[in-house]
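The values are calculated or read from the model by the stated rules, or taken from the named source; none is laboratory data. Keep in mind the model is a prediction, meaning the values are calculated, not measured. Positions of Cβ are backbone-derived with ideal geometry, glycine not excepted, and every protein chain shown enters the neighbour counts.
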Amino acid sequence: MIDVSILRNSPDVLATSLQRRGISLDIEALAELDQKRRRVRSSAEDLRAEQKEAGKSIAQLEGDEKAAAISRVAEVAEGYKNALAEADELDARFEAQWVLIPNLVDPTAADGLEEEDAVELTRWGRQPDPAVAVRDHVELGEMHGFLDIERAAKVSGSRFGYLLGPLVRLEFALVQYALDTLEPYGFVPVVTPVLVRSNALYGTGFFPGDEDQVYSLPADDLYLVGTSEVSLAAMHGDEILDGDTLPLRYVGFSTCFRRESGTYGKDTRGIFRVHQFDKIEMFSFCKPEDSPQTHDFLLAREEELVQGLEIPYRVVNVAAGDLGSSAAKKYDIEAWFPGQNRYREITSTSNTTDYQSRRLKIRYKSDKGNELVHTLNGTAIAVGRWLIALVENLQQADGSIVVPEVLHKYVNFDRIELPA
RNA sequence: GGAGAGGUGGCCGAGUGGUCGAAGGCGCUCGCCUGCUAAGCGAGUAGGGGGUUUACGCCUCCUCGAGGGUUCGAAUCCCUCUCUCUCCGCCA
């Protein structure tokens with residue numbers, strides 16, 4: 001949710017932002033509704049003040065005098081009740097439209113509406129020789145027996161997978177590697193809840209809007225998170241943080257659940273796009289003035305992690321029209337996937353400025369009073385896709401897979417050999 | 001799952017229909033005092049919305065777990081929900 005004062009004081013800023021996102025909206029009508037609701041609220045409050053004032057004297061009176069005073073103020077009470085109901089109704093109507101407005105786009109976000117409009121910022125690493133990296137992760141999985149998609153389909157349906165043997169070892173090695181890399185920077189490791197209330201999804205900007213992407217458990221009124229960003233952001237909801245403790249940094253581990261509705265026929269091969277995967281996520285709460293540099297910092301940590309694993313990648317500045325509703329700006333790292341012969345997203349870091357903190361009511365004490373913090377998130381390691389990138393990029397001509405140096409201390413093998 | 005007890009300001013804790021956004025204590029901030037990292041004295045100290053002001057500020061409304069209801073008036077009465085704690089059961 002963005003600041004209402006934008007609507008009142010600088011509607012042109014709002015208009016520009018919406019236009020960059022490719023959204024059309026009658027801003028003037030919204031502004032009028034906003035004015036009206038305030039007018040009605042104000043007159044309701046006047047009645048209420050009158051009623052309260054009368055109540056004070058009633059408390060002093062007795063007998064007939066009291067009865068007369070009560071009947072006099074009853075009319076005021078009735079008027080207040082009606083005015084309040086109208087004000088509430090107008091608020092609700094305004095709110096319903098206001099929550100749908102996405103975050104203001106950062107001026108430095110890339111222009112355009114589509115995924116393809118993202119601007120490439122850097123490129124790192126050397127793509128493997130196509131003559132060597134000939135097998136995709138599904139083939140490698142079958143040869144090695146460390147990935148079983150058929151049985152997963154039998155048990156759970158499409159878009160699931162069993163990871164087996166060395167791939168499991170690699171998963172936990174990646175987790176260790178991420179924690180060991182990030183903890184020195186002050187990231188506090190967290191294992192988060194994966195079942196949350198709707199409020200957490202609302203607060204992070206997924207609701208309203210993305211209901212069809214989220215698994216729900218209606219019997220308990222809970223939802224499965226698609227990313228630990230949700231549980232991490234909501235962790236400090238309704239809190240006023242001490243400014244001296246900022247920035248707060250967390251690195252969360254959780255399984256992520258995504259319905260992937262509307263992606264039929266897209267990325268159907270292997271485990272590139274699945275309903276369930278594990279992910280390590282960075283999250284930071286910081287002062288507003290620090291969020292741009294925090295965003296760069298998160299991107300730097302992501303690059304550090306990818307580079308350590310020797311995976312070739314590029315960084316893109318995501319186009320305004322392709323941003324999620326809560327993001328003002330977003331960088332993706334796209335790894336080279338030999339099996340697809342192109343770069344695909346393996347991390348994503350967003351500066352959500354005060355969009356989430358306003359909804360979640362996360363402030364900090366400053367000299368100027370209580371201010372909303374800024375929140376930022378960034379993938380540390382999305383395990384599934386990183387495993388694919390690893391095995392596809394580091395496969396050898398004979399089908400074996402070299403384990404990157406940085407993982408050696410976490411696994412008891414430095415190469416995955418084909419089974420005899 | 002069964003039985004019971006509770007959710008009040010940063011924390012503890014009073015308050016069972018009227019001048020209560022709320023006694024008291026702790027903590028914290030500022031000032032005073034004190035020759036010794038303490039004690040004492042005084043003042044201040046919740047969040048949010050709206051109006052007004054260049055601004056300091058002033059006015060006003062809402063919030064005592066959440067949402068409804070009764071009433072001229074609710075922290076206090078009624079209903080629903082929710083969370084926490086204790087005991088029993090079950091359980092990784």
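From the set of residues in segment A:353-368 that are part of a loop (DSSP other than H, G, I, E, B) and touching a residue at least 12 places away in the same chain (Cβ under 8 Å), which is nearest to RNA strand B (Cβ to nearest atom)? Explain how you work it out, then say what you get.
As a first pass, look at segment A:353-368 and keep what is part of a loop (DSSP other than H, G, I, E, B): A:353-354, A:361, A:367-368.
Then drop every residue that is not touching a residue at least 12 places away in the same chain (Cβ under 8 Å), which leaves A:353-354, A:361.
Values: A:353: 16, A:354: 12, A:361: 7 Å.
Out of the qualifying residues, it is A:361.
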**Report entry** Test: residue in segment A:93-106 that is within 11 Å of RNA strand B (Cβ to nearest atom) and either over 27 Å from the mean Cα position of the chain (by Cα) or surrounded by 17 or more Cβ atoms within 10 Å (Cβ to Cβ) (or both)
**Finding:** yes
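Within segment A:241-269, restricting attention to residues that are basic (Lys, Arg) and at pLDDT 90 or above, which residue is farthest from residue A:153 (Cα to Cα)?
To start, the set of residues in segment A:241-269 that are basic (Lys, Arg) comprises A:249, A:258-259, A:266, A:269.
Those left that are additionally at pLDDT 90 or above: A:249, A:258-259, A:269.
Working: A:249: 38, A:258: 16, A:259: 15, A:269: 12 Å.
Checking each candidate, the answer is A:249.
In this structure, is residue A:294 of a type in the set (Ser, Thr, Tyr) and in contact with a Cys (Cβ under 6 Å, 6 or more places away or on another chain)? Steps first, answer last, please.
Working: of a type in the set (Ser, Thr, Tyr): yes; in contact with a Cys (Cβ under 6 Å, 6 or more places away or on another chain): yes.
It is true that residue A:294 is of a type in the set (Ser, Thr, Tyr) and in contact with a Cys (Cβ under 6 Å, 6 or more places away or on another chain).
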Query raised in the report: Do any helices (runs of 4 or more DSSP H) lying entirely in segment A:153-255 carry at least 3 residues that are touching a residue at least 24 places away in the same chain (Cβ under 8 Å), farther than 28 Å from residue A:404 by Cα and not hydrophobic (A, V, I, L, M, F, W, C), and which ones are they?
Result: A:198-203
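Residues A:335, A:300: which one is of a type in the set (A, V, I, L, M, F, W, C), at pLDDT 95 or above and surrounded by fewer than 20 Cβ atoms within 10 Å (Cβ to Cβ)? Before the answer, list the steps.
Details: A:335 fails: surrounded by fewer than 20 Cβ atoms within 10 Å (Cβ to Cβ).
Exactly one of A:335, A:300 is of a type in the set (A, V, I, L, M, F, W, C), at pLDDT 95 or above and surrounded by fewer than 20 Cβ atoms within 10 Å (Cβ to Cβ), namely A:300.
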Query raised in the report: Which residue out of A:29, A:44, A:69, A:54 is more than 9 Å from RNA strand B (Cβ to nearest atom) and part of a helix (DSSP H, G or I)?
Result: A:29
